[in-house]
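The values are calculated or read from the model by the stated rules, or taken from the named source; none is laboratory data. Quick caveat, the model's predicted, so the values are computed rather than measured. Note that each Cβ is placed from the backbone with ideal geometry, even for glycine, and that neighbours are counted across all protein chains shown. These accessible areas exclude ligands, DNA and RNA; they are computed on the full protein's heavy atoms, side chains included. Shrake-Rupley method; radii C 1.70, N 1.55, O 1.52, S 1.80 Å.
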Amino acid sequence: MPTILGQNQYGKAENRVVKITRDGDTHHIKDLNVSVALSGDLDDVHYNGSNANCLPTDTTKNTCFAFAKEHGIDSAEQYGIHLARHFVDSQPSIHRARIRIEEYAWERIAGSDAGSNFIGADEVQHSFVRKGQETRLAQITYSAEGDGGAKFEVLSGLKDLTVMNSTNSEFWGYIKDKYTTLKEDYDRILATSLSTWWRHNWTSDEQRMPQWEKSYAQAKKHILQAFVETYSLSLQQTLYQMGSRVINNRSEIDEIRFSAPNKHHFRQDLSSFGLENEAKDGAVYLAADRPYGLIEATILRDGAEQRIPVDMTNL
């Protein structure tokens, strides 16, 4: 039976690009993990082994580092836009480029108050400690295919943002059958580790480009504020409120998708030891890492098309 070639792509994955910018004695760090995937007129390399249309993956790696020097890294999104545009516009055989980026954040280490800075420096501005919160994400896809001409799709996001409400959460009124053992809870811990992507409605240079750094900071702020301010009767309700808050406050974002594994905290029965363990008195819980409930949802601006793939966030 004959076979035909389906979807394919290639590139160099997980290029660890670190750019230091020096502003006098003050240094700034951009720490990225960059993966490149290219597709286009690549039938011959699969069918015949001809590399005539194949840009080496080593070249894509070198380009990642060269562009960090030539163009700098104002933001993960802007850097990815430069790369994606270059691969498609410079190579006739490449019709689509996808740049996926993880960004690791650093913050400054403050010096001591004793005035004992070395070699006479007034203030040290080049020492950092890795932040322990989320990993920032970006994915930029640039395609020359289609009737609409070349277009971008820019997704931003984050993963491993672990949050907890120690009260103001309930769970009751659910379906019960002969296998149900979970007790209704009117004062529970709600905790999750968020993974989320959001899609910007900027698609070409004909539109005003978002301020990527501000957009990310504001989206994260609205996610966290909604988590704080929602009295939760379900994690699904909380996700919807977080997504709605982002879309209602950020006009550049049309779609956001969440994957939220429940970080279960089970209140322990201590009655065998003559101890009550009620939430209202400050309870003791078992933090269980697995199995866990996995709650996922996409929230859209009214009239927007759902485009973020489901499998970008789920197991």
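Things to note:
- Residue within the range 261-276 that is closer than 30 Å to Val154 by Cβ and either β-branched (Val, Ile, Thr) or under 17 Å from the mean Cα position of the chain (by Cα) (or both) present: yes
- Selection status of Leu224, at pLDDT 95 or above, closer than 17 Å to Lys159 by Cα, open to solvent by 20 Å² or more (accessible area, probe 1.4 Å) and in contact with a strand residue (DSSP E or B) (Cβ under 9 Å, 6 or more places away or on another chain): yes
- Annotation note: of Leu239, Leu275, the sole residue that is assigned to a helix (DSSP H, G or I) and either under 28 Å from Glu170 (Cα atoms) or open to solvent by 80 Å² or more (accessible area, probe 1.4 Å) (or both) is Leu239.
- Taking the range 163-172 as the range and being outside any loop (DSSP other than H, G, I, E, B) and either crowded, with 16+ Cβ neighbours inside 10 Å or at pLDDT below 95 (or both) as the test, the residues that pass are Val163, Asn165, Ser169, Phe171.
- Check on Tyr285, of a type in the set (Ser, Thr, Tyr), surrounded by 15 or more Cβ atoms within 10 Å (Cβ to Cβ) and either farther than 30 Å from Pro210 by Cβ or touching a helix residue (DSSP H, G or I) at 6+ places or on another chain (Cβ under 6 Å) (or both): yes
- Test: residue in the range 290-299 that is among the hydroxyl-bearing types (Ser, Thr, Tyr), open to solvent by 30 Å² or more (accessible area, probe 1.4 Å) and either within 30 Å of Ala217 (Cβ to Cβ) or part of a loop (DSSP other than H, G, I, E, B) (or both): yes
- Some residue of the range 263-281 being within 23 Å of Lys220 (Cβ to Cβ) and either of a type in the set (Lys, Arg) or modelled with pLDDT of 95 or more (or both): yes
- Residues in the range 126-159 that are loosely packed, with under 12 Cβ neighbours inside 10 Å and not in a loop (DSSP other than H, G, I, E, B): Val129, Arg130.
- For the range 19-120, the strands (runs of 3 or more DSSP E) that sit wholly inside it and include 1 or more residues that are open to solvent by less than 20 Å² (accessible area, probe 1.4 Å) are 26-40, 94-104.
- Scoring Leu233 on the criteria (1) open to solvent by 60 Å² or more (accessible area, probe 1.4 Å); (2) at pLDDT below 95; (3) among the hydrophobic types (A, V, I, L, M, F, W, C) leaves a single failure, condition (2).
- Some residue of the range 180-200 being open to solvent by 40 Å² or more (accessible area, probe 1.4 Å), among the basic types (Lys, Arg) and closer than 24 Å to Ile253 by Cβ: no
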